[in-house]
Amino acid sequence: MLKIKIKLKEAMKSRGITQMQLKEMSGVRQAAISELCRNDRVEVNLHMLEKIADALNISDISELLQFEEDKKDFL
């Protein structure tokens, strides 16, 4: 089964941006950003992703999201 991986932590690291800076730039709650960085969110609001992508100047969604195999399937 495929799982969606959120790559926000990597995108922020490559730009030298902290969670608090992204909060200020995007208007997205820091707690939500933290959950996205840890891949702890079950549901993701598209408007929130749009605000984050705009703040980080991301035009290719594959920089934020990717499909990967769910490791639980192999246990």
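Derivation of every value follows stated rules applied to the coordinates shown; laboratory data play no part. This is a predicted model, so every value here is computed, not measured. Note that each Cβ is placed from the backbone with ideal geometry, even for glycine, and that neighbours are counted across all protein chains shown.
Taking amide hydrogens as placed 1.01 Å from N in the peptide plane, the amide H of Lys5 sits under 5 Å from those of Gln66, Phe67, Glu68, each at least 5 positions away in sequence or on another chain. Relative contact order, whole percent, for the chain stands at 52, derived from Cα pairs under 8 Å and 6 or more residues apart.
The Cβ shell under 13 Å around Lys23 holds other residues with a net charge of 0, Lys and Arg each +1, Asp and Glu each -1. Straight-line reach from Lys23: which aspartates and glutamates have Cα under 17 Å away, leaving out those fewer than 8 places along the same chain? Lys23 reaches Glu10, Glu35, Glu50, Asp54. Taking each DSSP H run with n ≥ 4 as -39500 (n - 2.57) and averaging over every residue of the chain yields -12500 deg cm²/dmol at 222 nm.
Geometric descriptor of the chain, per residue, is 90 Å³ (volume of the convex hull of the Cα atoms). Among the listed pairs Lys5/Lys51; Lys13/Lys71; Lys5/Lys71; Lys3/Lys51, which have their C-alpha atoms separated by more than 20 angstrom in this model? Correct reply: Lys13/Lys71; Lys3/Lys51. Spacing of the modelled spin labels on Ser62 and Asn45, each 7 Å from Cα toward Cβ, amounts to 2.9 nm.
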